[in-house]
């Protein structure tokens, strides 16, 4: 498979380990609707969409050493958007960001449900 060369949209002088808020977007290949569908204006997740949501939620449980903070997120039929705050931790450089991530991220109101997938 030949990889297309594309220009990076990352900031050249930014270290993505620094504590800050990050907006994440992940799209499906060819924008195929793998995660569910919108019915009467409401997103209805299918099994794959449920997995995407569960894996996003587990990210914050699995990485306590990263001092992550979950912002708003949404799973759409062919993509995912999420906001994640990376707080001060052993991996980032001190003094690069002068704000506490808790100043910017409000707690997410989602009630955590068990994410157990049956195959």
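Within the range 15-22, not a single residue is surrounded by fewer than 15 Cβ atoms within 10 Å (Cβ to Cβ), modelled with pLDDT of 90 or more and out of contact with any helix residue (DSSP H, G or I) (no Cβ under 8 Å at 6 or more places or on another chain). When residues in the range 14-55 are screened for being under 21 Å from residue 91 (Cα atoms) and either in contact (Cβ under 8 Å) with a residue 12 or more places away in the chain or assigned to a helix (DSSP H, G or I) (or both), 9 of them pass. Among the residues of the range 63-72, those identified as surrounded by 11 or more Cβ atoms within 10 Å (Cβ to Cβ) and outside any strand (DSSP E or B) are 63, 66, 67. Between 108, 114, which is modelled with pLDDT under 90, over 14 Å from the mean Cα position of the chain (by Cα), in a loop (DSSP other than H, G, I, E, B) and farther than 20 Å from residue 15 by Cα? The unique qualifying residue is 114.
The values are calculated or read from the model by the stated rules, or taken from the named source; none is laboratory data. Predicted, not measured: the structure shown is a model, and the values here were computed from it. Please note: Cβ atoms are built from the backbone with ideal geometry, for glycine as well, and neighbour counts cover all protein chains shown.
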